[in-house]
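Asker: Here you go, one structure.
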Amino acid sequence: MSIEQLRKEVMSDINSAKTREQCDAIRVKFLGRKEGKLTEILKSLKEMSVEEKRVIGSAANELRQYIEHELNKKTEYIVAHEQKKKNRFDVTKPGKRVVSGVLHPLTKVDKEVRTIFSSLNFTIVEGPELETEVYNFDSLNIPAGHSARDMWDTLWVKQAPNSEGLLMRTHTSPVQARYMESHNPPFQIIVPGRVFRYEATDASHEINFYQIEGLMVGPDITLANLKFVIETFFKKFFKQKIEFRYRPSYFPFVEPGIEVDIKLKGGKWLEVMGAGMVHRNVFDAVKYNHTELQGFAFGMGLDRLAMIKYGVPDVRLFYSGDIRFTKNFK
Ligand code: DAH
């Protein structure tokens, strides 16, 4: 077989090789020490004339280098290709679990409350957490020295002597006065927000928690409107039929004052909010004419709503920062 024929054969073999094993076989077939086709030619050189040796010998050596070079190239190509295949995205493999965060249960309840009241055409209003004594108490018919101030254990903020009293708001009610000072009725608002109490903590008390204040004012707002709004809210929030109970109560900023209890399916009576008709002194403090206006107000604890809705036994869990707790509220 001539060197040229051999070159053709080896080229076509290398071209059609698809695996490393095939490349190895080609190497053996042509360059193998025992019966390699090119090796045979090289072996037969010794029987040739000097002239033949020179011509065929150099051609054969050149072909050997060529075969080695081509085989190496091909093997490299095959290895790279195998690597690529390994790295390719396999759509049939099971996926990796994606760990995603969840909303805190208080955030979820807050969003829900806002959505429900927005659907009832209430405007959402917010106010400052650092509040003045005047807004937190005086404007709500709780003047200095009034024994009702004891209803709220207050975190006072240290101030220079004789300056305005500052405190961490004990309820969201001061935003009633802030809003009325700059808006004219009729209107209906809710005020979600954080409040603070100087109290020992236990399963149902925290030094800070969240409230939702409600206020609706117009020329002819009555307790019937209060009842409708509250009952609509709770039915939407708990998504079930609920029994309601209204008890007389006392808050300085309303008259009459009431407390609202609810009973869920198969449950006990639960106290869920304070409410009432806005006191005339509150209207007077914001320069509203109390002979022409009436309004209702209410206040409820967001944490308490969340505890009832999700069956959380201890309010302190909401503030534990423990994701083993929060991740339960998908
Ligand atoms: N501010 C009261 C509290 O923190 C709750 C409250 C009761 C708000 C009656 C009201 C209301 O607006 O009418 O205990």
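Asker: Quickly run through the range 247-265 and pick out the residues that are outside any loop (DSSP other than H, G, I, E, B) and either surrounded by 15 or more Cβ atoms within 10 Å (Cβ to Cβ) or touching a residue at least 60 places away in the same chain (Cβ under 8 Å) (or both).
Answerer: Listed by number, the residues that qualify are Ser249, Val254, Glu255, Gly257, Ile258, Glu259, Val260, Asp261, Ile262.
Asker: Output the number of the condition that Pro128 fails; it satisfies all remaining conditions of (1) surrounded by 11 or more Cβ atoms within 10 Å (Cβ to Cβ); (2) without any contact (Cβ under 8 Å) to a residue 60 or more places away in the chain; (3) assigned to a helix (DSSP H, G or I).
Answerer: Unmet for Pro128, out of (1) surrounded by 11 or more Cβ atoms within 10 Å (Cβ to Cβ); (2) without any contact (Cβ under 8 Å) to a residue 60 or more places away in the chain; (3) assigned to a helix (DSSP H, G or I): (3).
Asker: Here is a check on your reading of the model: is Lys84 in a helix (DSSP H, G or I), among the basic types (Lys, Arg) and within 42 Å of the chain's Cα centre (by Cα)?
Answerer: Answer is yes for this residue.
Asker: Checking the conditions here, which among Lys241, Lys268 is away from the ligand (no atom under 16 Å from the Cβ), of a type in the set (D, E, K, R) and either under 25 Å from Asp138 (Cα atoms) or in contact with a helix residue (DSSP H, G or I) (Cβ under 9 Å, 6 or more places away or on another chain) (or both)?
Answerer: Testing whether each residue is away from the ligand (no atom under 16 Å from the Cβ), of a type in the set (D, E, K, R) and either under 25 Å from Asp138 (Cα atoms) or in contact with a helix residue (DSSP H, G or I) (Cβ under 9 Å, 6 or more places away or on another chain) (or both) leaves just Lys241.
Asker: Is there a residue in the range 138-148 that is surrounded by 13 or more Cβ atoms within 10 Å (Cβ to Cβ) and either aromatic (Phe, Trp, Tyr) or within 36 Å of the chain's Cα centre (by Cα) (or both)?
Answerer: No; the residues of the range 138-148 include none that is surrounded by 13 or more Cβ atoms within 10 Å (Cβ to Cβ) and either aromatic (Phe, Trp, Tyr) or within 36 Å of the chain's Cα centre (by Cα) (or both).
Asker: In addition: Suppose we filter the range 209-224 for residues that are in a strand (DSSP E or B) and within 13 Å of the ligand (Cβ to nearest atom); how many remain?
Answerer: Looking only at that region, the number is 9.
Asker: Further question on the same structure: Could you figure out which of (1) more than 10 Å from the ligand (Cβ to nearest atom); (2) more than 20 Å from Ile116 (Cβ to Cβ); (3) among the charged types (D, E, K, R) isn't true of Glu259?
Answerer: If we test Glu259 against (1) more than 10 Å from the ligand (Cβ to nearest atom); (2) more than 20 Å from Ile116 (Cβ to Cβ); (3) among the charged types (D, E, K, R), just (1) comes out false.
Asker: Report yes if some residue within the range 272-288 is on the phi > 0 side of the Ramachandran plot and within 12 Å of the ligand (Cβ to nearest atom); otherwise report no.
Answerer: yes
Asker: Residues being within 15 Å of Ile212 (Cβ to Cβ) and either touching a strand residue (DSSP E or B) at 6+ places or on another chain (Cβ under 9 Å) or in a loop (DSSP other than H, G, I, E, B) (or both): count how many of those fall in the range 226-237.
Answerer: Going through the range 226-237 one residue at a time, the tally reaches 5.
Asker: Now, a different point. Counting only residues that are farther than 22 Å from Phe122 by Cα and among the aromatic types (Phe, Trp, Tyr), how many does the range 279-330 have?
Answerer: Qualifying residue count, the range 279-330: 5.
Asker: List the pairs whose first member sits in the range 266-279 and is closer than 18 Å to Val229 by Cα, whose second member is of a type in the set (S, T, N, Q) and surrounded by 15 or more Cβ atoms within 10 Å (Cβ to Cβ), and whose Cβ atoms are under 8 Å apart, counting only residues at least 6 apart or on separate chains?
Answerer: Here the result reads Gly274/Ser249; Gly276/Ser249; Met277/Gln294; Val278/Gln176; Val278/Gln294, each pair linking the range 266-279 to a residue that is of a type in the set (S, T, N, Q) and surrounded by 15 or more Cβ atoms within 10 Å (Cβ to Cβ).
Asker: While we're looking at this one, here's another question. Quick one: how many residues across the range 87-121 are part of a helix (DSSP H, G or I), modelled with pLDDT of 95 or more and not β-branched (Val, Ile, Thr)?
Answerer: Residues in the range 87-121 being part of a helix (DSSP H, G or I), modelled with pLDDT of 95 or more and not β-branched (Val, Ile, Thr): 10 in total.
Asker: Still on this structure, I have one more. In the list Met180, Met216, which residue meets the criterion of being surrounded by 17 or more Cβ atoms within 10 Å (Cβ to Cβ), modelled with pLDDT of 95 or more, of a type outside the set (Val, Ile, Thr) and within 34 Å of the chain's Cα centre (by Cα)?
Answerer: Within the list Met180, Met216, the selection yields Met216.
To keep it simple, each residue is scored yes or no on (1) aromatic (Phe, Trp, Tyr); (2) buried (at least 18 other Cβ atoms within 10 Å of the Cβ); (3) out of contact with any His (no Cβ under 8 Å at 6 or more places or on another chain); (4) modelled with pLDDT of 95 or more.
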{"residue": "Val272", "(1), (2), (3), (4)": "no, yes, yes, yes"}
{"residue": "Met277", "(1), (2), (3), (4)": "no, yes, yes, yes"}
{"residue": "Ala285", "(1), (2), (3), (4)": "no, yes, yes, yes"}
{"residue": "Phe298", "(1), (2), (3), (4)": "yes, yes, yes, yes"}
{"residue": "Tyr319", "(1), (2), (3), (4)": "yes, no, yes, yes"}
{"residue": "Thr326", "(1), (2), (3), (4)": "no, yes, no, no"}
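The values are calculated or read from the model by the stated rules, or taken from the named source; none is laboratory data. Since the model is a prediction, treat every value here as computed from it, not as a measurement. Every residue, glycine as well, gets a Cβ built from its backbone with ideal geometry; the counts of neighbours run over all protein chains shown.
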